[in-house]
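**Q** Got a structure here, written out as structure tokens. Questions coming.
Each reported figure results from applying straightforward, stated rules to the coordinates on display, with no laboratory input. These numbers come from a predicted model, not from an experiment. Here Cβ is always computed from backbone atoms with ideal geometry, including for glycine, and neighbour counts include all displayed protein chains.
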Amino acid sequence: MAARVAELSRLLTHAAHAYYVLDAPVMEDPVYDRLYRELLELEQAYPELIRPDSPTQRVGGSPAEGFRSVEHRIGLLSLDNAFSTEELEAWYARLLKVLDRTPAAGEPLPALPMVGELKIDGNALALSYRDGLLERAATRGDGERGEEITANVRTIQSVPLRLQLGHPPAWVEVRGEALIPDGTFAAINAERQGRGEPAFANPRNACAGTLRQLDPQVVADRRLDFFAYTLHLPDDWQPGPDDPPRPASQWESLAWLRAAGFKVNPNAELLDDLAAVEAFFARWEPDRRQLPYATDGVVVKLDDLRLQADAGFTQKAPRWAIALKYAAEEAPSRLLRLSCQVGRTGVVTPVAEFEPVPLAGTSVSRATLHNADRLAELNLHAGDTIVVRKAGEIIPEVVRVLPELRPAGALPLQLPPTCPECGSELVREAGEAATRCVNSSCPAILRGALRHWVSKGALDVDGAGSKLIEQLVDRGLVRSIADLYRLDAALLASLERMGEKSAANLVAALAASKGQPWHRQLYGLGIHHVGEVNAKALARAFPGAAELAAAAAEAPERITAVFGIGDEIAQSLQQWFATAANQGLLRQLEREGFSLAAGAAERAAGQGAGGAGDSGDAAPLAGRTFVLTGTLPSLSRRQAQDLIEAAGGKVTASVSKKTSYVVAGAEAGSKLTKAESLGVPVLDEEGLLALLEQGKPASA
Ligand code: IVH
């Protein structure tokens with residue numbers, strides 16, 4: 001048995017390495033899945049055979065309470081930056097000087113081989129291996145001490161749990177960059193926004209936030225990647241006969257790391273002289289935009305490790321390396337004012353307004369400061385010079401303040417104590433990052449609530465744009481969502497930019513919106529954490545607002561029993577339904593003709609699909625089985641599976657005649673071929689989403 005476990009572990013590790021590190025799969029998905037299940041079953045039966053580097057042991061343990069601070073065996077240094085070729089040349093001249101190789105006047109500069117690597121804009125990690133096994137992973141921290149995040153890093157498939165060496169050294173320290181690829185980043189943000197959670201500002205922040213997640217399962221779902229670039233070995237290590245030789249250069253270190261099983265960025269190059277470095281830097285300036293992850297420069301490292309040792313370090317950084325940064329994604333500007341935005345949930349977001357600067361192709365003059373904590377961390381003062389960043393399509397942000405340029409006597413900036421819209425006192429609850437206006441009739445909250453109610457995913461009312469909503473609120477014509485339904489065409493026609501025709505159309509659109517399905521009404525209420533996906537799941541389990549309110553008050557366990565719905569959401573529902581103003585709103589909506597419940601057709605359709613059972617179990621995809629294969633353009637496998645299961649469908653590993661659909665993405669393997677040979681219908685992501693949409697009771 002032990003031999004079979006070892007064999008399976010070896011086969012699966014080899015296949016995962018080929019897939020995640022080499023990007024060259026050697027095993028078909030069904031084979032992998034079958035062997036994986038066999039290993040899992042054997043390990044369940046004989047727990048004593050579980051090895052720490054078993055491929056089943058990537059996501060393990062329960063959520064952590066917090067992270068331990070640990071000391072790095074070898075400190076993590078930072079890099080000095082150069083922002084121009086002049087600065088690069090100055091660095092090289094200094095390097096030659098410390099190496100005692102400055103040429104005589106008139107002589108050319110001696111050429112030293114260097115390695116050019118891309119500077120990945122992620123988060124540095126320090127990995128410690130003991131006798132070949134991953135023992136510890138830590139964040140950079142202050143370079144001396146970092147946080148121990150081993151359980152999270154184990155979930156990164158491109159981090160080997162065991163080094164592929166015959167004679168592993170007693171210890172190895174590997175450094176590299178963890179990152180979230182752009183595509184995954186976009187999907188994570190889409191999902192967060194769907195749940196009403198704030199989006200991450202950029203992939204690096206998303207990665208940093210993920211690495212500090214307490215639950216390794218969440219980290220696993222976020223699919224981080226890792227590129228190794230630095231190797232430290234004990235002085236006395238001797239390679240075994242099949243091991244890579246002890247590296248004498250950075251170039252050989254990269255080869256060693258690759259041989260030991262790490263993913264090394266394939267774009268590194270050995271460069272003969274400074275001219276080659278400059279060409280490498282220039283070439284990647286445009287080309288890096290094609291890469292599926294963020295880079296912010298190139299790192300140039302003296303290749304020869306002995307020369308590196310001779311050159312040594314300054315206080316913070318090695319003299320033998322330099323980061324050559326690409327410009328224009330960060331730029332300084334001067335702060336003009338701090339303004340505040342009040343969102344529909346009352347959350348107050350500080351916004352920096354500054355002198356316009358060109359960044360990544362557009363002119364930028366505003367950037368979110370996220371929340372009071374971020375504001376305090378930046379220590380922003382009136383008139384400060386700030387550094388603003390914008391990467392590609394991503395939201396501009398204030399990276400830091402340059403305190404040395406601060407005008408004398410400048411006052412620190414804080415969030416105001418009262419709401420800029422309604423003047424009521426702002427509240428910040430203990431343990432919450434958000435500062436809120438809790439006045440439910442605050443015009444900013446009302447405008448936000450109305451905009452949300454009429455939006456596409458909610459009641460989808462055509463012709464109710466932001467400008468119109470602003471007028472309605474400012475003139476006191478609308479004080480709640482229900483008031484919208486009391487507007488008459490004559491009044492609407494008298495407003496700016498409205499005519500008789502558009503007024504009549506709007507009245508008709510509002511009337512029609514009363515027939516929108518229950519899950520859209522629920523989503524439209526804008527309850528914290530109840531995004532589109534959750535609203536659908538809840539609407540299927542609870543046929544109307546009355547049932548949902550009763551469960552929220554008396555039997556929250558019935559709410560958390562819904563797939564994908566946790567305590568936080570149940571609590572938020574409980575609070576929402578317990579608030580008098582919200583109860584009033586529901587009554588008013590009912591008076592205006594809203595059912596706030598599933599219609600007869602919706603219930604019937606739900607039950608039809610779900611077969612027997614009460615309507616709480618009814619699910620449009622009940623009884624249908626799905627197989628997922630390949631990489632979908634925006635959904636992760638887990639997300640696709642969640643959506644299918646939330647709709648009552650089942651996801652299985654292998655294709656048979658009984659499979660209802662195969663959902664295939666890029667590089668779909670044998671499952672797709674099998675589906676085609678058995679005549680099982682094949683969907684792409686769009687097809688899946690359409691099916692979920694059309695399977696929903698409303699349109700049935
Ligand atoms: S070498 C002493 N190589 O950039 C060597 N760093 O600004 C220091 N980084 O903390 C690191 N890509 O997080 C190195 N190819 C690369 C890198 C890289 C990204 C990051 C790393 C470091 C930061 C310094």
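**Q** Could you tell me the extents of region 136-270's C-alpha atoms along the three principal axes, largest first, rounded to whole Å?
**A** Reported extents, whole Å, longest axis first: 56, 30, 26.
**Q** Right, something else. A 25 angstrom limit on the alpha carbon distance is what I want to check against. Which of K456/K650; K263/K301; K501/K536; K536/K658; K263/K316 exceed it?
**A** Checking Cα-Cα distances, K456/K650; K501/K536; K536/K658; K263/K316 exceed 25 Å.
**Q** Measuring from label point to label point, each 7 Å out along Cα→Cβ, what is the E48 to E135 span in nm?
**A** 2.6
**Q** Looking at the square roots a ≥ b ≥ c of the eigenvalues of the Cα gyration tensor of region 18-69, which shape do they give, rounded for a/c under 1.5, prolate if a/b is larger than b/c, or oblate?
**A** Oblate shape, in that a/c is at least 1.5 and b/c is the bigger or equal ratio.
**Q** Report ³J(HN,Hα) in whole Hz for each residue of region 93-100, in order, from the Karplus equation J = 6.51 cos²θ - 1.76 cosθ + 1.60 where θ = phi - 60°; Gly and Pro get x.
**A** 4, 5, 4, 4, 5, 5, 8, 6
**Q** Just name one of N267, L635, V461: the one whose Cα is farthest towards the positive end of the charge dipole of the chain (beta-carbon charges, Lys/Arg +1, Asp/Glu -1).
**A** The residue sitting most towards the positive pole is V461.
**Q** Based on the mean of other Cβ atoms within 10 Å per residue, sort peptides 405-415, 100-110 so the most packed one is first.
**A** Sorting 405-415, 100-110 by mean packing, highest first, produces 405-415, 100-110.
**Q** Hey, another quick one. Based on alpha-carbon centroids, what's the gap between region 227-294 and region 296-337 in Å, whole number please?
**A** Cα centres, region 227-294 to region 296-337: 17 Å.
**Q** Starting with the fewest neighbours, write out S54, S84 ranked by other beta-carbon atoms found within 10 Å of each beta-carbon.
**A** Taking fewest neighbouring Cβ atoms as first place, the list is S84, S54.
**Q** Sequence-distant or interchain residues sharing an amide H contact under 5 Å with S249, placed H: which?
**A** L305
**Q** Then there's this: About its Cα centre, how strong a charge dipole does region 136-200 have in debye, to the nearest 20, once Lys and Arg get +1 and Asp and Glu get -1 at the Cβ?
**A** With Lys and Arg at +1 and Asp and Glu at -1, about 220 debye.
**Q** Cα atoms only, region 1-126: Rg and Dmax in Å?
**A** Looking at region 1-126, its Cα Rg and Dmax stand at 24.9, 76 Å.
**Q** Counting other C-beta atoms within 10 Å, which of E421, E89 has the fewest, and how do the rest follow?
**A** Arranged by neighbour count, lowest to highest, E421, E89 become E89, E421.
**Q** Using R₀ = 60 Å, calculate the FRET efficiency as 1/(1 + (r/R₀)^6) where r is the Cβ-Cβ separation of D142 and T579; round to 0.05.
**A** 0.85
**Q** Among L691, A546, A578, which residue has its Cα positioned farthest towards the positive end of the charge dipole of the chain, with +1 placed on the Cβ of Lys and Arg, -1 on the Cβ of Asp and Glu, and the dipole taken about the Cα centre?
**A** Going by the charge dipole, the pick is A546.
**Q** For the pair A93 and A279, how long in nm is the line joining their label points, each one 7 Å along Cα→Cβ?
**A** Placing both labels 7 Å beyond Cα along the Cβ direction yields 2.4 nm.
**Q** Order these by the 10 Å Cβ neighbour count, fewest first: C422, C340, C207.
**A** The fewest-first ordering by Cβ neighbours comes to C422, C340, C207.
**Q** With equal scatterers on the alpha carbons only and no solvent term, can you work out the Debye log10 of I(q)/I(0) for region 418-505 at 0.13, 0.14, 0.15, 0.20 1/Å?
**A** With one equal scatterer per Cα and no solvent, log10 I(q)/I(0) is -0.49, -0.56, -0.62, -0.95.
**Q** Test of understanding: what is the full-extension gain from S654 to A255, defined as 0.36 nm times their sequence separation minus their Cα-Cα distance?
**A** Net length gain for the segment: 139.9 nm.
**Q** Once you order the gyration tensor axes a ≥ b ≥ c over the Cα atoms, which shape class does region 211-365 get: rounded for a/c under 1.5, otherwise prolate or oblate by comparing a/b with b/c?
**A** prolate
**Q** For R68 paired with D287, estimate the spin-label separation in nm (one decimal), with each label point 7 Å from Cα along the Cα-to-Cβ line.
**A** Reported label-point gap for R68 and D287 is 4.4 nm.
**Q** Would you please put 533-541, 434-442 in order of how densely packed they are, using the mean number of other Cβ atoms within 10 angstrom per residue and starting with the highest?
**A** Output ranking for 533-541, 434-442: 533-541, 434-442.
**Q** Same structure, new question: For E676 and H232, calculate 0.36 nm times their separation in residues minus their Cα-Cα distance, and state this gained length in nm to one decimal.
**A** Between E676 and H232, full extension yields an extra 154.8 nm.
**Q** Using unit Cβ charges (K, R positive; D, E negative) and no other charged atoms, how large, in debye to the nearest 20, is the dipole of the chain about its Cα centre?
**A** Its charge dipole is roughly 1500 debye.
**Q** I've got another one for you. Evaluate E = 1/(1 + (r/R0)^6) for F313 and R334, where r is the Cβ-Cβ distance and R0 equals 30 Å; express this FRET efficiency to the nearest 0.05.
**A** 0.25
**Q** Loop sites only, by DSSP: take the chymotrypsin sites (Phe, Trp or Tyr not before Pro) in the chain that have at most 14 other C-beta atoms within 10 Å and name the longest stretch containing none of them.
**A** 84-562
**Q** Would the chain count as rounded, prolate or oblate if I go by the C-alpha gyration tensor, calling it rounded below 1.5 in a/c and otherwise prolate when a/b exceeds b/c, oblate otherwise?
**A** Verdict is oblate for the chain.
**Q** Also, quick follow-up: How long is the gain from L402 to E432 if the chain were fully straight, where each residue apart is worth 0.36 nm and the alpha carbon distance is subtracted?
**A** Length difference between fully extended and current span is 8.0 nm.
**Q** Read phi for every residue in region 672-688 and hand back ³J(HN,Hα) as whole Hz from Karplus 6.51 cos²θ - 1.76 cosθ + 1.60, θ = phi - 60°, with x for Gly and Pro.
**A** Along region 672-688, the couplings run 5, 4, 5, 4, 5, 5, 8, x, 7, x, 10, 10, 9, 4, 4, x, 5 Hz.
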